[in-house]
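Since the structure comes first, as structure tokens, the remarks are kept for the end.
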Amino acid sequence: MKIFWFIITASMACGFFYQLIFQLIRTYLSYPVNVDTKIDYGKRVFPAVTFCMLNPWKTTNITGTPLDDLVSSYLDDDYASSKYGFTIPSTTIRTQRAAKWTQLMYEELKNIDETDNQILSYGYDELFIKCVFNTKDCDES
């Protein structure tokens, strides 16, 4: 019985080494490569890009507008007891109050921007440095 088990074990060991040495190493050294390549040509969709300016108004052109008084009140702590309610030091509440006042003045500032030829808002050229899509320059549309 011992001879039977020795023959079985020896034959299994020989099969293992044959598999390891001759087939596994030969397959490894042949450097097989599987590559799946798929190229799809379809319609390109222009990426959605959003620019959000928290301050749509130019502070350099606000002289003589209601926004000029608001900015002066906001920046000058001595002038803080103004009609806009900036009585506290610079805090989040003060910033929120200034944003609300700017929203309330929006229509008036928009009318000044459109009718008085006084450009208060930023233009396309000031917001974009460069815009290219499919090797063509973008425009305002």
- Leading residue by the ranking (modelled with the highest pLDDT) among those in segment 93-117 that are of a type in the set (D, E, K, R) and within 19 Å of Leu75 (Cβ to Cβ): Lys100
- Could you list all residues from segment 13-41 that are of a type in the set (A, V, I, L, M) and surrounded by 10 or more Cβ atoms within 10 Å (Cβ to Cβ)? Ala13, Leu20, Ile21, Leu24, Ile25
- Query: Which number in (1) surrounded by 12 or more Cβ atoms within 10 Å (Cβ to Cβ); (2) in contact with a strand residue (DSSP E or B) (Cβ under 9 Å, 6 or more places away or on another chain); (3) at pLDDT below 70 marks the one condition that Phe46 misses?
  - Reply: (1)
- Scanning segment 67-92 for residues that are crowded, with 17+ Cβ neighbours inside 10 Å and in a loop (DSSP other than H, G, I, E, B), which turns out modelled with the lowest pLDDT? Ala80
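The values are calculated or read from the model by the stated rules, or taken from the named source; none is laboratory data. For clarity, every value in this text was computed on a predicted model and none was experimentally measured. As a convention, Cβ positions derive from the backbone with ideal geometry for all residues, glycine included, and neighbour counts pool all protein chains shown.
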